[in-house]
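Written below as structure tokens is the structure these notes are about.
The values are calculated or read from the model by the stated rules, or taken from the named source; none is laboratory data. Not measured: the values here are computed from a predicted model. Note: ideal-geometry Cβ built from the backbone for every residue, glycine included; neighbour counts use all protein chains shown. With ligands, DNA and RNA removed, areas are computed over all heavy atoms of the protein, side chains included. Shrake-Rupley method; radii C 1.70, N 1.55, O 1.52, S 1.80 Å.
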Amino acid sequence: MLFSHPRIVSNSLTKIKYVVGFLRFETSLGASQVRRVLYQAPSLLGLATDTTVRQKVSYLKETLALSDDDWKRLLTGNPNILLLNIDNNIRPKLSYFLEVFEGDVGQVRATILRLPTLLGYSLDKRI
């Protein structure tokens with residue numbers, strides 16, 4: 001983690017504990033899942049958990065009607081989703097998928113859970 005994200009050492013221990021606690025207890029991830037998420041996306045430790053991360057978690061859970069198990073699959077499959085901007089990245093892609101699947105949230109959810117990295121792809125260039 002340190003090699004891929006050396007700025008991690010500039011975060012306070014309190015901040016790191018808060019982010020880990022948020023992921024562990026407020027998003028219901030197990031310890032091994034938190035480890036996987038932070039290993040794949042160490043820059044999460046520097047985000048403003050109370051505003052940025054909490055907002056993204058709630059938006060994704062509500063928009064896709066995700067259960068706790070679905071949320072865990074999505075986040076462990078693509079932890080970088082929490083690094084994306086809601087207005088510039090996530091919302092336009094979900095709107096596009098809802099349009100393609102004629103408003104069927106279940107189909108959109110199933111597609112994204114099958115390929116969680118889909119939300120990280122460029123809407124214009126790759127999707």
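For region 99-122, a tally of residues being open to solvent by 50 Å² or more (accessible area, probe 1.4 Å), free of Cβ contacts under 8 Å to residues at least 40 places away in the same chain and either among the hydrophobic types (A, V, I, L, M, F, W, C) or not in a loop (DSSP other than H, G, I, E, B) (or both) returns 6. If you filter region 75-88 down to residues that are open to solvent by 50 Å² or more (accessible area, probe 1.4 Å) and part of a helix (DSSP H, G or I), you find that the one that is nearest to R36 (Cα to Cα) is N80.
Would you mind stating whether K125 is touching a helix residue (DSSP H, G or I) at 6+ places or on another chain (Cβ under 7 Å) and not hydrophobic (A, V, I, L, M, F, W, C)? Here the answer is no, as K125 does not meet what is asked.
Answer yes or no: is there a residue in region 37-47 that is modelled with pLDDT under 95 and under 17 Å from L113 (Cα atoms). Checked region 37-47: at least one residue is modelled with pLDDT under 95 and under 17 Å from L113 (Cα atoms).
Taking region 42-74 as the range and being hydroxyl-bearing (S, T, Y), surrounded by 17 or more Cβ atoms within 10 Å (Cβ to Cβ) and under 20 Å from K93 (Cβ atoms) as the test, only T63 passes.
To keep it simple, each residue is scored yes or no on (1) acidic (D, E); (2) touching an Asp or Glu at 6+ places or on another chain (Cβ under 9 Å); (3) farther than 20 Å from T27 by Cα.
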{"site": "Q55", "(1), (2), (3)": "no, no, no"}
{"site": "L60", "(1), (2), (3)": "no, no, no"}
{"site": "L64", "(1), (2), (3)": "no, yes, no"}
{"site": "L75", "(1), (2), (3)": "no, no, no"}
{"site": "N80", "(1), (2), (3)": "no, no, no"}
{"site": "L84", "(1), (2), (3)": "no, no, no"}
{"site": "V105", "(1), (2), (3)": "no, no, yes"}
{"site": "S122", "(1), (2), (3)": "no, no, yes"}
{"site": "I127", "(1), (2), (3)": "no, no, yes"}
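When the test is whether a residue is more than 22 Å from D124 (Cα to Cα) and either among the basic types (K, R) or under 14 Å from the mean Cα position of the chain (by Cα) (or both), R109 does not pass it. The residues of region 10-36 that are in contact with a Leu (Cβ under 6 Å, 6 or more places away or on another chain) and in a helix (DSSP H, G or I), listed by number, are I16, V19, L23, V34. Please indicate, with yes or no, whether at least one residue in region 11-21 is surrounded by fewer than 17 Cβ atoms within 10 Å (Cβ to Cβ) and modelled with pLDDT of 90 or more. For region 11-21, residues surrounded by fewer than 17 Cβ atoms within 10 Å (Cβ to Cβ) and modelled with pLDDT of 90 or more: present.
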